[in-house]
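Student: Sending over a structure as C-alpha cells; questions will come in a sec.
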Amino acid sequence: MAMRGPDSTGESLVVASPAINSHVTTFTLEDPSRALASFYAFNPVNLYQGVWVAAGHLNGDGLSELVVGAGPGTNGKAEISVFNMKGELLKNFLAFSQGFNGGVSVAVSDYDKDGVGDIFASSGAGAKATFNVFNYDPLELMDAVFLPTNSLLGTFVANNPSAGSKPVYPPAPA
C-alpha cells in the first residue's frame, strides 16, 4: 500500500503484515531492508491468524495513520486498532459484537466527505456480510450495510486512496 510518509515528504511507504500473527512493518520502496516501524498490533501476538492493514489520514494532521483489523482468532474480539506512523497506539475498539472471532478487514476513505478519512470494517467468516463505517474522532458508528446474502464465508473491504475512491466491496445482487 502506498501512502504519504511520516515526515510529510510524500515518500511512498509499504505497510505489511504476515498471515500468522499481528506483526506490522512499514518501510519505503527505496530501502525495503530498513523498517520505519515494526510492532505487534494485538496481544497476545500469536492469537490471530494475521491482520488486515490500511492507512489514511484520519485526524486531519496531514499524516497517515495505520488501521489494523484483527484476523480470525479465538479471543472473541473483532478488534480494530489505530496507530501513528511510529507504531504508537492511538485507538482500539470493537468493530462488531463481543464474541465474534471471524476477523475484520479494514479500509480508510472519506465516507462523509469532510476532508478526513473514516474507517471501514468488513466482517470475516462466521457472520453475514456486514460493513460498518466509523468516524475517527469522535469514534462512532456512522453507517452499517448488510448485504442480502445467507453466506457466512465473510467479506473483504478495500479502497484505492490514490484515486480518492470509496472502499470497494461486492455489489448487492440485483
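Student: Determine, from the Cβ-Cβ distance of Ala19 and Leu89 and an R0 of 22 Å, the FRET efficiency 1/(1 + (r/R0)^6), rounded to the nearest 0.05.
Tutor: So, using R0 = 22 Å, E works out to roughly 0.50.
Student: Less than 14 Å Cβ to Cβ from Val24, Lys/Arg counted +1 and Asp/Glu -1: what total charge do the surrounding residues give?
Tutor: -2
Student: Quickly work out the Gln49-to-Leu141 label distance, labels modelled 7 Å from Cα along the C-beta direction, and quote it in nm with one decimal.
Tutor: A separation of 2.6 nm, rounded to one decimal place.
Student: Roughly speaking, what is the stretch gain from Ser38 to Ser12, that is 0.36 nm per residue apart minus the C-alpha to C-alpha distance, in nm to one decimal?
Tutor: Length difference between fully extended and current span is 7.7 nm.
Each reported figure results from applying straightforward, stated rules to the coordinates on display, with no laboratory input. Predicted model, so just to flag it, every value in this text is computed and none were measured. Reconstructed Cβ throughout: ideal geometry from the backbone, glycine too, with neighbour counts over all protein chains shown.
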